[in-house]
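Chemist: Can you read through this structure? Questions will come right after.
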């Protein structure tokens, strides 16, 4: 037996007893060259070694995730391009393997030495240019070449932001796959007028709206220009959405869809138009009632959108009444649609011409400004009762203008928020009376009675929450 205090470092060579005050760890530190965190005895590494291994393992895990995502991106886009190579006489220079290798190479370049990323990008561009110049197929497109370069960038990005690269690969593959539908939409379905209106709407929302000052302007008598233009943009967007819905649905959906779409512009005018058509073509009476009823649904949808655009904080107070009225309008429309289903369908013409009417939208905005100014002066002279009177009178012509004016004043602090519900309900009520008059004038007593019954149910549902909450 070896004496106590002796040990072995290599083989069976004896070790001298430890000097006083020295420990085994001190001795191992000296033997190991002064690195106490690296033990040469025992089967458990020190804490420093574990931290080092953790850092290495973390870097390795990140790299593996990035490489896997890059490979998935390349395979996804490459599969789509490989299928495209078999269409007709097209022979692309890059398929599934080329895209996969490109993405993985990009990820490796980013992981090993970022300087290699530039070299790889130059190589991809050079190969794409050479392939395009050598192409004799007659296809002058450069979609595959650009897609290959985009795949390279996705692979580079996959190391540090794999989620973004994965999402980008899905979007890119989807765009490539939707080649035929996109071509058909742009060349056959989309008209020049619709393209112009789309650009006009984008300019109104993305260029003009951010430039509008977001404050009450004294020169405009307290009107907020950004909120005002936001309402104009909202009207244009709703009109455009309705136009698109009518184009997509086609004449098969007929008068009901047309009534719903037109209701965003003017429900009163829509009901009058449907009434006149019902009188002229009695066989379409059910369809016209359905269209007129759906215009009431559009009124509530548009009104909720106006609240969100002008003064969203008021939605909490208005929600019980507005959503109750909306539910009743939907129920009335469903009943009329079920009755219309059994009648002979005479399809309405598909939507043509412009997607929206900017003049009408601007007129509504000017009307809104005038009513807002009028309400300010009435409120300063008569107080809250005067606001209710103005709201009721304005609602006769347009409930959205009335509601927008009242909400604008509450948003600017000119009125107390606790009294916001009653003026809006009064505007909806007087507007419903105008709808009934339009139905009687346009379609006669029979058509007016059917529309009036639906309006009565809607008003009952509208006022019921308000009455219950006042108790």
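Where a number appears in this text, it was derived from the coordinates with a stated rule and is not lab data. A quick note: this is a predicted structure, and the numbers were derived from the prediction, not measured. Every residue, glycine as well, gets a Cβ built from its backbone with ideal geometry; the counts of neighbours run over all protein chains shown.
Chemist: Evaluate the distance, in nm, between pseudo-label points positioned 7 Å from the Cα of residue 83 and of residue 191 along their respective Cα→Cβ axes.
Modeler: 3.4 nm
Chemist: Could you order peptides 320-328, 462-470, 257-265, 275-283 by the average number of other Cβ atoms within 10 Å of their residues, highest first?
Modeler: By packing density, highest mean first, the sequence is 257-265, 320-328, 275-283, 462-470.
Chemist: While we're looking at this one, here's another question. How would you order 287-300, 435-448 from highest to lowest mean count of nearby Cβ atoms within 10 Å?
Modeler: Answer by packing, highest mean first, reads 287-300, 435-448.
Chemist: Still on this model: Over what distance in Å are the Cα centres of the stretch 187-213 and the stretch 95-168 separated?
Modeler: If you average the Cα positions of each part, the centres end up 34 Å apart.
Chemist: Give me D for the stretch 412-471 in µm² s⁻¹, whole number, from Stokes-Einstein with Rh from the Kirkwood sum over alpha-carbon pairs, 37 °C and 0.692 mPa s.
Modeler: Rounded to a whole number, D works out at 251 µm²/s.
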